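Down below is the structure, laid out as structure tokens.
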Amino acid sequence: MRMALAITWNRWSTRAANGGWSLSQATMPRVAPGEVLIKVHAVGVNPPDWYLREGYKMLPPEWQPQVSFPLIPGTDVSGVIAAVADDVTHFRVGDDVYAMVRFPSGLAGDSRAYAEYVSAPASEVAVKPAGIDHAHAAAAPMSLLTAWQFLVELGHDVQNPLQPNQHQPVPLKDKTVVVNGAAGGVGHFALQIAKRQGARVIAVASGEHAQLLRDLGADQFIDYTKTAAEDIVRDVDLVVDAVGGPKAGRFLRTLKRGGALFPIFPLGFSGADEAAKLGVTVSSTQVRSSGQQLAQLAPLLDAGTIRAVIDSSYPLADARRAHERAAGGHIRGKIVLTVV
């Protein structure tokens, strides 16, 4: 039986540094029909990785997935095709690819990306942008797809159970868009996409990120450590709250009637009645794997039209340190694990 190295997590925990991590040999993934095997060069670290590690405590009990331990976390990879199933014809061994693997279907730990090798449905895989390295490619999938599916093209018809209507992106050309948490993983992509779609973008983040966000296209910057954006911004068309959660409702008063608030993390939002009175739409969706959309976005990454910013990089064996960095907050772009 062939084996390969993988990072495993052995128990529920609310702490990253309590000994739950181990680097060990795992069974080499098998390639099922419709799948490819990827030799992983880099892995992107995302919030669902630590949500899984913590036992999805933020979810209602009936939504918490049943998980068997030990598990291999992670969804985002960039690497090289090592094998293809007989029925896969559009990839070949040796192709450089990137993917968000089995999300959200793999919420219970079935994506298994913190590893030397990962199997993935071919439909979730795309050729890696040639103009960027594996680390920057691995930094993109989940965060970039989230921003794209919120702002441009949903790409699926799965209903969000938290709201009565299907999420719909809104026209952005000549609109004013606020991006809260603009320096983070989803935020820095949302800023770039909104700008590319023709919007005027107001970026909200801490002052240390001001120059980066202006370089990425922000027309105006607000340092939230000095001024609360909701106290000075008015009559905007869209707020993308990449922080989300219970405090997202504070942005309702910044929007014009007919405007929209997109909380990336909608749990805890309680301003539905106020939004209705103000004539504001509040809408969210769940990002889903899409090789087709990653292929569509690859030329933009290749040309530098959209940039993936890396906060920090760690060897796969140091996944624990990567999660400690994530727990420290104020992440500038994405955290990446390097495998080779």
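Values quoted throughout were computed directly from the atomic coordinates according to the rules given, and no laboratory measurement underlies them. What you see is a predicted model, and the numbers here were worked out from it, not measured in a lab. Here the Cβ is made from the backbone with ideal geometry for all residues, glycine too, and neighbour counts use every protein chain on show.
Contact order for the chain, expressed relative to its length and based on alpha carbon pairs under 8 Å spaced 6+ residues apart, stands at 19 percent. Exposure proxy ranking for 27, 8, based on other Cβ atoms within 10 angstrom of each Cβ and starting from the fewest, stands as 27, 8. Neighbour counts of C-beta atoms inside 10 Å place 191, 172 in the sequence 172, 191, starting with the fewest. The range 54-93 and the range 117-142 have Cα centres lying 13 Å from one another.
Summed over qualifying helices (DSSP H, 4 residues or more, each -39500 (n - 2.57)) and divided by its residue number, the chain shows a 222 nm mean residue ellipticity of -6000 deg cm²/dmol.
In plain terms, the residue of 289, 68, 206, 111 with the fewest other Cβ atoms within 10 Å comes first and the most crowded comes last, giving 68, 206, 289, 111.
For the chain, give the share of DSSP beta bridges that are antiparallel, in percent and rounded to the nearest 5; count only bridges with both residues there. Around 60 percent of the beta bridges assigned by DSSP in the chain are antiparallel ones. Please work out which option in [x] 62, 40, 39; [y] 119, 50, 37; [z] 61, 49, 39 gives Cα extents along the principal axes in Å calculated from these coordinates, and answer with its label. Recomputing Cα extents along the principal axes in Å here picks out [x].
Helix 185-196 axis versus longest C-alpha principal axis of the chain: approximately 60°, rounded to the nearest ten. The eigenvalues of the Cα gyration tensor, multiplied by 5 and square-rooted, give the range 159-282 an equivalent ellipsoid with semi-axes of 22, 15, 14 Å from largest to smallest. Taking 28 Å as the limit for the C-alpha separation, the pairs 57/226; 247/334; 128/256; 195/226; 57/256; 226/247 exceed it in the case of 57/226; 128/256; 57/256. The angle between the Cα long axis of helix 291-303 and the main principal axis of the chain comes to about 80°, on a 0 to 90 degree scale. Annotation for residue 105 and residue 215: the two label points, set 7 Å from Cα along the Cα-Cβ direction, are 3.9 nm apart. Radius of gyration (Cα atoms) of the range 69-192, expressed as a multiple of 2.2 N^0.38 Å: 1.19.
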